[in-house]
Structures are given as C-alpha cells and as structure tokens.
1. Any residue that is open to solvent by 20 Å² or more (accessible area, probe 1.4 Å), without any contact (Cβ under 8 Å) to a residue 24 or more places away in the chain and over 18 Å from the mean Cα position of the chain (by Cα) - is there at least one of those in the stretch 87-96?
2. Mind listing whichever residues of the stretch 198-224 are out of contact with any strand residue (DSSP E or B) (no Cβ under 7 Å at 6 or more places or on another chain) and at positive phi?
3. Suppose we keep only residues that are open to solvent by 30 Å² or more (accessible area, probe 1.4 Å) and either under 20 Å from the mean Cα position of the chain (by Cα) or of a type outside the set (Lys, Arg) (or both) within the stretch 109-118. Which one would you say is nearest to the ligand (Cβ to nearest atom)?
4. If only one of 84, 5, 24, 36 is within 18 Å of the chain's Cα centre (by Cα) and open to solvent by 20 Å² or more (accessible area, probe 1.4 Å), which one is it?
5. Taking strands (runs of 3 or more DSSP E) that fall entirely within the stretch 228-326, which contain at least 1 residues that are in contact with a Phe, Trp or Tyr (Cβ under 7 Å, 6 or more places away or on another chain) and within 20 Å of residue 186 (Cβ to Cβ)?
6. Hey, could you check the stretch 133-161 for residues that are within 13 Å of the ligand (Cβ to nearest atom) and open to solvent by 30 Å² or more (accessible area, probe 1.4 Å) and say which is farthest from residue 90 (Cα to Cα)?
7. Any idea which of (1) assigned to a loop (DSSP other than H, G, I, E, B); (2) within 18 Å of residue 159 (Cα to Cα) is the one residue 212 doesn't satisfy?
8. I'm told residue 91 meets every condition in (1) under 22 Å from residue 136 (Cα atoms); (2) within 16 Å of the ligand (Cβ to nearest atom) except one. Can you identify the failing condition by its number?
Amino acid sequence: MAIDRFGRRIHYLRISLTDHCNLRCIYCMPEDVTFRPMAELMQDDEIIRLVNLFARLGFDKFRLTGGEPTVRSGIVELVREMRRVPGVRALSMTTNGVLFSRLAEPLARAGLERVNFSLDTLDPARFRQLTRKGSIGDVWAGIQAAEDAGLLPIKVNTVVARGYSDEEIVDMARLTFEHPWQVRFIELMPFAGATEFQTSQVVSADELITRIEAALGGLEPVNGGKLDGEARIFRLAGSRGTIGFINTITQPFCSTCTRARLTADGRLRLCLLCEDEVDLLTPIRSGASDGELRRLVVDGIWRKPWGNRLQEGHIPLNRIMSEIGG
Ligand code: SAM
C-alpha cells in the first residue's frame, strides 16, 4: 500500500499519455508551444510496466490524460492492455473530445469506463478563441458518441476564466436541466507557459455559485455536502444532472487527496501544484529492477507534499499544464 507521511492512502494515478495536443487552449499553453519528441515520452511497454507496479502497490483507480490522450497512436490497444492488469478497478479518460466520436465505441469495448470532456463554452466563435484551433461541433459529436457507447455518467469540465468562459456559466449550468451530466466548474490554476493569464483571470467558485443561483434558483448540496473526489456537488431543482465545483484555489482539498500523477515523460508528480517529482523513466531505461522502481515510488509517495503553496505565492513553474494532465 502507498501511504504518505501524513497518513493519506494514495491509490489514484493520473497518467499523462503525451504532452502533445490538437488544441492550444489559451489558459493551458503558449501558442508556440514545442512538444517533446516521442522518444522522450513513455512508450506503451513502459506505461504498462508502471501500471502493473502501481497496481501492486494498491493503486486501483487510473485516469488517462495529456496533452490530449486521444492523439496518442495505439490508444485503444493501450487501454485494452491496462484493463488486463490485475488490480485496475477503474479506468477513465479526460479528453477535449475533438477525436472522440470515432474512438468512443472502440475505447468502450477495450474497457474504458468513463470520460470527462473539457468544454468551456457553448459558443462556436468563443470555442475557437479559447482553443485557438478547434471546432465545437467535433466535441458535441464526441460527447454524443460517448453516451451512445455507454461511457456514463458524462462529466463536462469547464475551466472558468474571467472575460471568457465566465460569461457563459449560467448557460453551462442550464445544460443539467436537459442532460443527466455532471457539469463541473474548475478554478483556473497557475503553471508555467500561461502564468499571467492563469493568475489574473481567476473566478472563485463562491462567485459562480452566487451568479448561478441568482439566475437559476437554489443549488442543493448532493452527498450531504461531502466532496465527490475533488468536487463539491449540487443540484438545481428539476434538473437531470448535477453541478460540481472544483475549488483548488479558494478551498483546496489536500487533506482528502488520494492522487499521484505520471507526467508524459515518466516522472511521478507528487502534487499537481508542486514541483516535486521522481524520475521513473530514466531508471527504467537504465535497467532498474521492479524492486528498485517500487522503492522509488514508495519513497516518493511517502514525501508527497501536504498541499500547494499558492497562498504563499509559490507557483509551480517547472511544467506547463499539458505535460502533467490536470
Ligand atoms: N486534453 C485533455 C482535455 O482537454 O481534457 C486532457 C488534458 S487537459 C490539460 C486536462 C484539464 O485541465 C482540462 O479540463 C483543461 O481544461 C484543464 N486545464 C488546463 N489548464 C488549466 C489551468 N491552468 N487551470 C485549471 N485547469 C486547467
């Protein structure tokens, strides 16, 4: 079992399959981003070896992210292989949805269980402005395909940036009247690459709640107000879906953290918003045994930081978001 020095049991691994992405969201990466050469990224056999190792340490929940996980070639086969690893209980993905319409069915058959779609706006022009590249119609087709393939429940993640997506939060919340989705509003977090935007355009979840309630009526806590993963969940009267708030900045949930992350280049990232990492890929490529890798992971998890130091003004600048995967 992997336990940190504060007694938190860490059993949820988020794996960034690639730093490459088919979008260039303005709050995520610079427009002229340079992606890593493929040889520097974890290869399929290296990922499967690590998934085995983490599963033997009691990790049972895995999420594939990126960059954009669907741009990785062989993604369906990789999901199938992961699903075969003993101990992998839950396997899900976070995607921008652009390529998902043709992948939903094969991924579901390969054993993927659920998908979170990232969608910050309902307006095609604003979508293009925010993503610098994409077409919103592709995302809708991806969500529809995921529903048809039974990848349920659908979650939609909306990063709220003032002057951009914040103007549409009421419309995003309104989606839950029509669809049995969980629409989750995420506070903007600071990393390298787009730090100025990320720190100047934050909108707090409290402000969102006030604005949504003023327009659509009261938000009733679901779950007795307890956290569902990292989200606080609410429901509007008469809605089919729910609304979540991920308040990483204004109400951090570090005490209940169960997560670790693998960056696309094979570093164990101990906290999303801290720079501390353990290099696993270099030892793998230098012939480390499973026992040696296990020791690196166990020791790393043990020294997982309690939480981020954003309040003290410390911003993790060693990575852009797309290398870590959120
Ligand atoms: N490409 C995939 C996607 O769009 O879902 C997976 C990777 S993306 C980095 C994962 C999530 O991080 C997305 O929901 C994205 O909107 C969110 N994200 C990116 N930069 C962020 C930031 N600075 N603060 C908060 N969330 C961010």
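The values are calculated or read from the model by the stated rules, or taken from the named source; none is laboratory data. None of these values were measured; they are calculated from a predicted model. Positions of Cβ are backbone-derived with ideal geometry, glycine not excepted, and every protein chain shown enters the neighbour counts. SASA here: full protein model, heavy atoms, side chains in, ligands and nucleic acids out. Shrake-Rupley method; radii C 1.70, N 1.55, O 1.52, S 1.80 Å.
1. no
2. 224
3. Applying the first criterion (open to solvent by 30 Å² or more (accessible area, probe 1.4 Å)) to the stretch 109-118 yields 109, 113-114, 118.
From what's left, either under 20 Å from the mean Cα position of the chain (by Cα) or of a type outside the set (Lys, Arg) (or both): 113-114, 118.
Working: 113: 16, 114: 13, 118: 3 Å.
Applying the filter and picking the extreme gives 118.
4. On the way: 84 fails: within 18 Å of the chain's Cα centre (by Cα); 5 fails: within 18 Å of the chain's Cα centre (by Cα); 36 fails: within 18 Å of the chain's Cα centre (by Cα).
Just one listed residue meets the conditions, 24.
5. Working: elements: 231-236, 242-246, 259-262, 267-269, 277-279.
The strands (runs of 3 or more DSSP E) meeting that bar are 231-236, 242-246, 259-262.
6. Only one residue fits best here, namely 133.
7. (1)
8. Condition not satisfied by residue 91: (1).
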